[in-house]
Amino acid sequence: MTTATDRLIEEYLDRLEAATRTLPEARRVELLAQIREHITVTLSGAEDQGEATVRTILDRLGEPEDIAREAGAGSAPAGEKAAGRLAVGALEVVTVILLLIGGIVLPVLGWLIGVVLLWASARWTSRDKLIGTLVFPGGLAIAVYYLLFWTRSSVCTPDGICETSGLPGGFALTLTLIGSIGSIGSAAYLLHRARRTAA
């Protein structure tokens, strides 16, 4: 194993430990040991022990939060649940808003600030952060850009010669819709993941 694969496994186990915090201590320790052993045994029997194999093993195990629920976790006291909901509020919501419309409010820089906050947060996994960054880069600012500046337009001179520039209206609208759906979907996904992590 490498440092990268070790980190993936430890991140997964850290999430599982956090998700099982409401279980009795003995049961939580036992569950963590069982999952760690399963990962170690499965990985040792694999020909390739690289990052892709580790990700496959973890994906087959399922989300740590789902494992925790199946083990009986999730009955945290009301005060702890309220604290979890508050933890999602401020920074995570600001991050998602900046990723979605930061590029409109503060061209380019607004979205980049959102990306920095996203990668600095411990709330999301590396996969979540990649989705938030790459789908759809620039957020709604790119969609607005296509709609406003790339729609086909014609400029005619007094002697009747016209020059057409930009994309056809239908094509520009299609790009705008794709960008909007991708950006909004990515934002909704990040909020969903943040809530699940805090639950």
Farther than 16 Å from ALA4 by Cα and not hydroxyl-bearing (Ser, Thr, Tyr), is that true of GLY72? yes
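State yes or no: is SER154 of a type in the set (Gly, Ala, Ser) and modelled with pLDDT of 85 or more? Break it down into steps so the answer makes sense when it comes.
Numbers: of a type in the set (Gly, Ala, Ser): yes; modelled with pLDDT of 85 or more: no.
It is false that SER154 is of a type in the set (Gly, Ala, Ser) and modelled with pLDDT of 85 or more.
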How many of the residues making up the range 115-145 are under 15 Å from ILE97 (Cβ atoms) and not in a loop (DSSP other than H, G, I, E, B)? 7
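What residue, among those in the range 1-53 that are among the hydroxyl-bearing types (Ser, Thr, Tyr) and in a helix (DSSP H, G or I), is nearest to GLU70 (Cα to Cα)? Steps first, answer last, please.
To start, the set of residues in the range 1-53 that are among the hydroxyl-bearing types (Ser, Thr, Tyr) comprises 2-3, 5, 12, 20, 22, 40, 42, 44, 53.
Filter again for in a helix (DSSP H, G or I), leaving 3, 5, 12, 40, 42, 44, 53.
Working: THR3: 30, THR5: 26, TYR12: 16, THR40: 22, THR42: 21, SER44: 26, THR53: 25 Å.
Out of the qualifying residues, it is TYR12.
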Taking ALA78 as meeting all but one of (1) modelled with pLDDT under 90; (2) in contact with a Pro (Cβ under 9 Å, 6 or more places away or on another chain), write down the number of the exception. (2)
Answer yes or no as to whether ALA4 is touching a helix residue (DSSP H, G or I) at 6+ places or on another chain (Cβ under 6 Å), of a type in the set (A, V, I, L, M, F, W, C) and not assigned by TED's automatic domain parsing to the domain that holds TRP124. yes
From the list THR20, THR5, THR40, pick out the single residue that is in contact with a Gly (Cβ under 8 Å, 6 or more places away or on another chain) and either surrounded by 13 or more Cβ atoms within 10 Å (Cβ to Cβ) or polar (S, T, N, Q) (or both). THR5
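So which of ALA33, ALA46 is at pLDDT 90 or above, more than 24 Å from the chain's Cα centre (by Cα) and outside the structural domain of GLY138 (by TED's automatic domain parsing)?
Details: ALA46 fails: at pLDDT 90 or above.
That would be ALA33, the only listed residue that is at pLDDT 90 or above, more than 24 Å from the chain's Cα centre (by Cα) and outside the structural domain of GLY138 (by TED's automatic domain parsing).
The values are calculated or read from the model by the stated rules, or taken from the named source; none is laboratory data. Treat the numbers as computed from the prediction; the structure is a model and nothing was measured. Virtual Cβ from ideal backbone geometry, glycine too; neighbours counted across all protein chains shown.
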